[in-house]
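Chemist: This is the structure, below, for whatever I ask next.
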């Protein structure tokens, strides 16, 4: 079946940029997503990208998609303490609406 | 606009007992999803409804799990009987006309002892 892989942890200094990476296996993915989950909370949709795009920017967030390598990244500029959370990469396949998620990357902010 | 509502937020039961979770999607959203998120993992789709019909329940353990969305709005997910490995957060999500955007509720954290 489809698989989505992410690094488990990323540590960055406050004010630096964070780059969270994700790889996926489903070549028929139509949309790719980044969700944020804070402790005890549900999933917050941060941004998404259509599979025929290679970049999307939204304020401090930049999404890059390399469809050939099945690689997705999320860059957070000027990382703040409020960005501390788990970030999930997810993909939607060509035939179904349900999302396949990675295990999540814990973003740790150092003062 | 109100988000996806779920209740209860927390539930503790003993194994072999039954439990039910409730979800109210965003108003007007035709598609509703139930996901299971085990600690340390990403959410896994259990079932998807389009209005009151099931679109995908291929990953639902049907021997113990059931779900319904009788009037195409609210939904309930039931586990009977519960096992220790069912301990997880159960997330409900909904999507509307822009069907590639799924919005999640706060989840119900189930602990099976």
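The values are calculated or read from the model by the stated rules, or taken from the named source; none is laboratory data. Because the structure is predicted, anything quoted here is derived from the model rather than measured. FYI the Cβ positions are ideal-geometry reconstructions off the backbone, even for glycines, and counts take in every protein chain you see.
Chemist: Given segment A:4-75, what strands (runs of 3 or more DSSP E) lie entirely inside it while holding 1 or more residues that are within 14 Å of chain B (Cβ to nearest Cβ), at pLDDT 95 or above and exposed (fewer than 12 other Cβ atoms within 10 Å of the Cβ)?
Modeler: On the way: elements: A:4-6, A:9-13, A:18-24, A:31-37, A:43-50, A:55-58, A:61-66.
By residue number, A:9-13.
Chemist: To continue, here is another question. For residue B:94, are the conditions met, namely being away from chain A (no Cβ under 13 Å) and either outside any loop (DSSP other than H, G, I, E, B) or under 23 Å from residue A:45 (Cβ atoms) (or both)? First the steps, then the outcome.
Modeler: Details: away from chain A (no Cβ under 13 Å): no; either outside any loop (DSSP other than H, G, I, E, B) or under 23 Å from residue A:45 (Cβ atoms) (or both): yes.
So residue B:94 fails the test.
Chemist: Next question, about the same structure. Applying the selection to segment B:1-29, what residues are surrounded by 12 or more Cβ atoms within 10 Å (Cβ to Cβ) and within 18 Å of residue A:45 (Cβ to Cβ)?
Modeler: B:3, B:4, B:5, B:6, B:23, B:25, B:26, B:29, listed by residue number.
Chemist: Something else: Any chance you could count how many residues in segment A:65-107 are over 20 Å from residue B:42 (Cβ atoms) and free of Cβ contacts under 8 Å to residues at least 12 places away in the same chain?
Modeler: Residues that pass the stated criteria total 2.
Chemist: If you go through segment A:76-91, how many residues are more than 10 Å from chain B (Cβ to nearest Cβ), in contact with a strand residue (DSSP E or B) (Cβ under 7 Å, 6 or more places away or on another chain) and under 16 Å from residue A:39 (Cβ atoms)?
Modeler: So the count comes out to 5.
Chemist: Provide a single number: the residues in segment B:97-113 that are part of a strand (DSSP E or B) and at positive phi. Quick ask: steps written out before the conclusion?
Modeler: Going residue by residue through segment B:97-113, those that are part of a strand (DSSP E or B) are B:103-104, B:108-112.
With the extra rule that they be at positive phi, the set shrinks to none.
Matching residues across segment B:97-113 total 0.
Chemist: With the checklist (1) surrounded by 14 or more Cβ atoms within 10 Å (Cβ to Cβ); (2) out of contact with any helix residue (DSSP H, G or I) (no Cβ under 7 Å at 6 or more places or on another chain); (3) in contact (Cβ under 8 Å) with a residue 40 or more places away in the chain; (4) more than 14 Å from chain A (Cβ to nearest Cβ) in hand, flag the one item residue B:83 doesn't pass.
Modeler: All conditions pass for residue B:83, except number (1).
Chemist: Inside segment A:92-111, can you point out the residues that are at pLDDT 95 or above and away from chain B (no Cβ under 11 Å)?
Modeler: Of everything in segment A:92-111, those that are at pLDDT 95 or above and away from chain B (no Cβ under 11 Å) turn out to be A:107, A:108, A:109.
Chemist: For the condition within 14 Å of chain A (Cβ to nearest Cβ), out of contact with any helix residue (DSSP H, G or I) (no Cβ under 6 Å at 6 or more places or on another chain) and without any contact (Cβ under 8 Å) to a residue 12 or more places away in the chain, what is the one hit in B:63, B:57? Walk me through it before giving the result.
Modeler: Values: B:63 fails: within 14 Å of chain A (Cβ to nearest Cβ).
Only one candidate passes the filter, namely B:57.
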